[in-house]
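For reference, the structure is listed below as structure tokens.
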Amino acid sequence: MRGAMFPAMPELPEVETVCRGLSEALVDRRLVRVETFRADLRRPFPPDFAERLRNRRVTRIDRRAKYICAVLDDGWVWLVHLGMSGRMLVGPVDGTPPGRHDHVRLETDDGRRVLYHDPRRFGLMDLVPAADLAAHPLLAGLGPEPLDDAFTTAVLLRAFAGKVTPVKTALLDQTVVAGIGNIYACEALYRAGIRPDRDAGDLPRRQVDRLVSAIKDVLTEAIAVGGSSLRDHRRPDGELGYFQHSFAVYGREGEPCPKCGCGEGVRRMGQSGRSTFYCRRQQR
């Protein structure tokens with residue numbers, strides 16, 4: 001599949017998959033050992049990061065947009081962003097020394113190990129008081145969660161109102177809707193039958209209604225199979241996600257459209273520095 005040529009930052013389904021895997025390993029467990037093997041990722045670790053995590057119990061793990069939020073028993077939240085290439089890998093404590101790109105290691109009171117692996121080091125970690133999480137600079141301006149019941153046609157219509165930017169670009173704006181990236185924007189627009197270069201503010205209600213349904217469907221289906229593994233994404237158990245095998249357009253330039261089988265095939269255009277894939281006949 002040609003999509004493997006395009007590196008992709010983990011989007012909502014990939015991060016949700018990681019959250020679910022971490023929940024199985026960490027919730028109700030005490031962190032008996034925490035080590036960092038460098039001083040920073042994209043930004044420095046918080047002061048005394050490892051010491052502040054050590055002996056804390058994880059009470060739950062939430063997701064906000066593309067961020068992992070591990071709630072601790074002392075009222076703080078361990079906030080994680082995976083960047084482009086970050087992975088959280090769960091396994092047994094086995095004494096294996098950290099590899100070159102292993103930057104954080106945690107061990108739990110039941111003998112499991114969580115390793116943060118990030119070759120590009122675009123990820124980040126922070127510690128935030130739970131009461132202040134929503135106001136954190138990385139989270140404060142985020143739009144609604146697309147899988148929440150509160151994300152409706154009316155909400156997206158209001159967010160699109162007056163926008164002269166292409167609808168694909170608007171979907172990537174995290175203040176409009178949280179967690180959607182290049183892959184799932186392409187796939188949702190294809191399912192909704194909307195050209196990615198249409199002005200967001202010009203879409204009629206019926207098309208926005210189809211788009212909301214398509215966003216929810218494509219994200220739900222992707223989560224069910226562990227997200228999309230193009231280059232770096234792995235589930236915490238080390239297995240690949242499988243949604244890349246269900247792509248209709250992403251990375252499939254020149255291939256037949258799976259709906260209309262048109263001779264033109266899937267096309268690619270550049271938008272805001274990203275590759276956008278679509279079918280000119282299927283999407284209007």
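The values are calculated or read from the model by the stated rules, or taken from the named source; none is laboratory data. Treat the numbers as computed from the prediction; the structure is a model and nothing was measured. Cβ coordinates were reconstructed from backbone atoms using ideal geometry, including for glycine residues, and neighbour counts include every protein chain displayed.
Key figures for this structure:
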read-out: Which numbered condition GLY270 fails, given (1) under 18 Å from ARG195 (Cα atoms); (2) small (Gly, Ala, Ser); (3) modelled with pLDDT of 90 or more; (4) not in a strand (DSSP E or B); value: (4)
read-out: Identity of the residue in the range 190-207, surrounded by 20 or more Cβ atoms within 10 Å (Cβ to Cβ) and in contact with a Phe, Trp or Tyr (Cβ under 7 Å, 6 or more places away or on another chain), that ends up nearest to ALA248 (Cα to Cα); value: TYR190
read-out: Selection count, the range 253-274, where residues are surrounded by 15 or more Cβ atoms within 10 Å (Cβ to Cβ) and closer than 14 Å to VAL167 by Cα; value: 3
read-out: Residue within the range 242-249 that is assigned to a loop (DSSP other than H, G, I, E, B), out of contact with any strand residue (DSSP E or B) (no Cβ under 9 Å at 6 or more places or on another chain) and either surrounded by 22 or more Cβ atoms within 10 Å (Cβ to Cβ) or among the charged types (D, E, K, R) (or both) present; value: no
read-out: Matching option when the condition is over 22 Å from GLY83 (Cα atoms), out of contact with any helix residue (DSSP H, G or I) (no Cβ under 7 Å at 6 or more places or on another chain) and not in a loop (DSSP other than H, G, I, E, B), among ARG210, ARG206; value: ARG206
read-out: The range 83-124, residues that are in contact with a strand residue (DSSP E or B) (Cβ under 8 Å, 6 or more places away or on another chain), of a type in the set (Val, Ile, Thr) and free of Cβ contacts under 8 Å to residues at least 40 places away in the same chain; value: VAL93
read-out: Matching residues in the range 25-56 - criterion: being polar (S, T, N, Q) and assigned to a strand (DSSP E or B); value: THR36
read-out: Check on SER275, of a type in the set (Ser, Thr, Tyr) and more than 27 Å from PHE122 (Cα to Cα); value: no
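Quick grid of which residues meet (1) under 19 Å from the mean Cα position of the chain (by Cα); (2) hydrophobic (A, V, I, L, M, F, W, C); (3) under 18 Å from GLY111 (Cα atoms):
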{"site": "VAL32", "(1), (2), (3)": "no, yes, yes"}
{"site": "ARG42", "(1), (2), (3)": "yes, no, no"}
{"site": "PRO46", "(1), (2), (3)": "no, no, no"}
{"site": "PHE49", "(1), (2), (3)": "no, yes, no"}
